[in-house]
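Down below is the structure, laid out as structure tokens.
The values are calculated or read from the model by the stated rules, or taken from the named source; none is laboratory data. Keep in mind that this is a model prediction, so the values were computed, not measured. Because the Cβ atoms are built from the backbone with ideal geometry, glycine has one as well, and the counts that use them run over all protein chains shown.
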Amino acid sequence: MLFKSRNPNKIARLEVETELNRSSRKVSGFYEEKDFEPLPPLIRSHFIDTGFVGRPRASNLSIEYGDSFIKMNVKNPWQKVACKHYLFSNPNVRIVYLRSEILGVIPFEGRDLYKEGEGNMLGTMGRLVKLFDVRGPEMSQSALVTFLAEILFLPLACLSDQVKWQQLDSCTVKAQIEDLEFSVEGIFHFDEQGQLLKFTTDDRFEGKTPCPWTAWFEDYKEMDGLILPAKAVGTWNYPGGDFDYFEANFTGFTYNFEIMD
């Protein structure tokens, strides 16, 4: 059903401004090695090797994108997508705004949200009609586990009592996050040098159907003194084979940002 809708960009902007004004997010000081002592050795080493020790503690993050690409389904070609991506801790919030074109002509805008135990994915065509407005328990669970997949970008969120850690072996760590009625988990996979390779989970849904999912992290570079991935790929692990549907190319990570770009 198509019906009139508001502008996803304006919605995302207002949501980000609301989160920036939360007093619970005010933090001070700098990360020290002792801050990471409660975490498993792999996660602790990851944060130290990334370069967070000595950096200001941060309760929010803006991720900047270069040319990135999306596939709407297996048969469709890749198409360019522009994104604005924000993470917050205490409480946990994830906001992503994206803009692309349907069939290379019709403007498409979307906003993906996780906040306070609820997920929502909104999509519009030409800013005039709403294509979808997905809510419900499956959407909320999927949105929370997506936040978990990105949690290593925001160390303060990893130190929350909501997150439980278990190192499985020398290269894998299981993480579980609880937020209101939802509890999800996934596994972070590292190479022998301790660099994050991927996050895997069985707790995401494609529509109403549970489907294994992988987030890949690649092409590590120094960005503002931190060693972070410049590329991430989202993959549905279908029974008949993997489907890469999203390729994000990052150009920067801004911590403790004050306004939406």
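Quick notes on this one:
- Here D224 meets the list (1) acidic (D, E); (2) farther than 23 Å from Y255 by Cα; (3) touching a residue at least 24 places away in the same chain (Cβ under 8 Å) almost entirely, failing just condition (2).
- Checking each residue in region 207-261 for being under 18 Å from N73 (Cα atoms) and either at pLDDT below 95 or part of a loop (DSSP other than H, G, I, E, B) (or both) picks out G207, K208, C211, P212, P239, G240.
- Inspection of region 42-62 identifies at least one residue that is under 29 Å from G136 (Cα atoms), in a strand (DSSP E or B), among the hydroxyl-bearing types (S, T, Y) and at pLDDT 95 or above.
- Members of region 227-246 that are in contact with an Asp or Glu (Cβ under 9 Å, 6 or more places away or on another chain) and touching a residue at least 60 places away in the same chain (Cβ under 8 Å): I227, L228
- Residue match in region 128-139 (condition: within 20 Å of T254 (Cβ to Cβ) and in contact with a Phe, Trp or Tyr (Cβ under 6 Å, 6 or more places away or on another chain)): no
- Put simply, of F246, F253 the only residue that is surrounded by 18 or more Cβ atoms within 10 Å (Cβ to Cβ), more than 17 Å from E138 (Cα to Cα), of a type outside the set (S, T, N, Q) and touching a Leu at 6+ places or on another chain (Cβ under 7 Å) is F253.
- Scan of region 31-41 for residues that are of a type outside the set (A, V, I, L, M) and either touching a strand residue (DSSP E or B) at 6+ places or on another chain (Cβ under 8 Å) or in a loop (DSSP other than H, G, I, E, B) (or both), ordered by number: Y31, E32, E37, P38, P40, P41
- Filter result (surrounded by fewer than 18 Cβ atoms within 10 Å (Cβ to Cβ), under 23 Å from the mean Cα position of the chain (by Cα) and either part of a helix (DSSP H, G or I) or of a type in the set (A, V, I, L, M, F, W, C) (or both)) within region 18-30: T18, L20, S23, S24, V27
- Residue in region 138-160 that is among the polar types (S, T, N, Q), loosely packed, with under 15 Cβ neighbours inside 10 Å and either within 25 Å of F52 (Cβ to Cβ) or more than 16 Å from the chain's Cα centre (by Cα) (or both) present: no
- Hits in region 163-200 (condition: closer than 20 Å to I95 by Cβ and surrounded by fewer than 16 Cβ atoms within 10 Å (Cβ to Cβ)): L180
- Complete set of residues in region 54-107 that are crowded, with 17+ Cβ neighbours inside 10 Å and at positive phi: N90
- Listed by position, the strands (runs of 3 or more DSSP E) inside region 155-194 whose residues that are of a type in the set (D, E, K, R) number at least 2 are 172-179.
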